């Protein structure tokens, strides 16, 4: 059966019901059903399953865009030739997303260029596929966003915005010393997110974060909340970035490249 054998009335009815997404594969599905003598109920289930999958995929793509995630930073697009090492058992545990269910944090550590942001965003994509709300920001952008709220009296609104998602990803954490205002904002953000998951990427070891805070008491209180409730991933190896090619896709996940 070809696409031309699908009647205009059927096409119009599907579009009116907002089921036009079935049309690209409808002829193929009908042909297969005829060859296999598929019962009508099974055929209907197959068509509806196709539509559900398409809508779920479209919704995930939209939510990932709203979250600020890079569409290429997926586990499916990790470069299988990358000579990056980490504990695959920890990565498999994180990929299960139990850390979201358990409201635990993730700290991804390693030198520049080993793919920390890629892994963090890939976890964000996974969480979105499982209907969790996610937000990704460079730590400097998150702090600048909160600082802007002090100027225009929208600080509480901006804080609530960053506190809401089930998973907040702060990239390039602890890159430089914090001002007292930044440290206070960060403390309030972490406190407000109690019971939710945070993913941090950093080039510094956690013990080196404390001197970046002007107030040791704030540092101790804030970082203990983050670190003591976290899974930690240590990544190492040559820079992953030279291995990436625009538009290149691969079919392996990071743990297949792990050692």
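The values are calculated or read from the model by the stated rules, or taken from the named source; none is laboratory data. This one's a predicted model, so the numbers in the text were calculated from it and none came from an experiment. Cβ coordinates were reconstructed from backbone atoms using ideal geometry, including for glycine residues, and neighbour counts include every protein chain displayed.
Summary table
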item: Filter result for residue 140 (part of a helix (DSSP H, G or I), in contact with a strand residue (DSSP E or B) (Cβ under 8 Å, 6 or more places away or on another chain) and closer than 26 Å to residue 205 by Cα); result: no
item: Residue within the stretch 137-156 that is over 24 Å from residue 220 (Cβ atoms), in the same structural domain as residue 95 (by TED's automatic domain parsing) and buried (at least 22 other Cβ atoms within 10 Å of the Cβ) present; result: no
item: Positions within the stretch 157-212 being farther than 15 Å from residue 142 by Cβ and under 17 Å from the mean Cα position of the chain (by Cα), in sequence order; result: 166, 197
item: Hits in the stretch 122-143 (condition: farther than 22 Å from residue 209 by Cα and at pLDDT 95 or above); result: 122, 123, 124, 125, 126, 127, 128, 132, 133, 134, 135
item: Residue in the stretch 83-94 that is in a helix (DSSP H, G or I), at pLDDT 85 or above and under 15 Å from residue 124 (Cβ atoms) present; result: yes
item: In the stretch 108-131, residue surrounded by the most Cβ atoms within 10 Å (Cβ to Cβ) [restricted to those that are farther than 20 Å from residue 66 by Cα and in contact with a helix residue (DSSP H, G or I) (Cβ under 7 Å, 6 or more places away or on another chain)]; result: 108
item: Total residues in the stretch 6-24, condition outside any loop (DSSP other than H, G, I, E, B) and surrounded by 15 or more Cβ atoms within 10 Å (Cβ to Cβ); result: 4
item: Filter result for residue 100 (closer than 18 Å to residue 170 by Cβ and in a helix (DSSP H, G or I)); result: yes
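So that you can scan it fast, the table gives a plain yes or no per residue for (1) under 21 Å from residue 231 (Cα atoms); (2) in contact (Cβ under 8 Å) with a residue 24 or more places away in the chain:
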{"residue": "66", "(1), (2)": "no, no"}
{"residue": "70", "(1), (2)": "no, yes"}
{"residue": "93", "(1), (2)": "yes, yes"}
{"residue": "107", "(1), (2)": "yes, yes"}
{"residue": "111", "(1), (2)": "yes, yes"}
{"residue": "119", "(1), (2)": "yes, yes"}
{"residue": "140", "(1), (2)": "no, yes"}
{"residue": "147", "(1), (2)": "no, yes"}
{"residue": "170", "(1), (2)": "yes, yes"}
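Residue-by-condition table, conditions (1) touching a strand residue (DSSP E or B) at 6+ places or on another chain (Cβ under 6 Å); (2) assigned to a loop (DSSP other than H, G, I, E, B); (3) outside the structural domain of residue 208 (by TED's automatic domain parsing):
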{"position": "34", "(1), (2), (3)": "no, no, yes"}
{"position": "46", "(1), (2), (3)": "no, no, yes"}
{"position": "55", "(1), (2), (3)": "no, no, yes"}
{"position": "59", "(1), (2), (3)": "no, no, yes"}
{"position": "73", "(1), (2), (3)": "no, yes, no"}
{"position": "106", "(1), (2), (3)": "yes, no, no"}
{"position": "111", "(1), (2), (3)": "no, yes, no"}
{"position": "124", "(1), (2), (3)": "yes, no, no"}
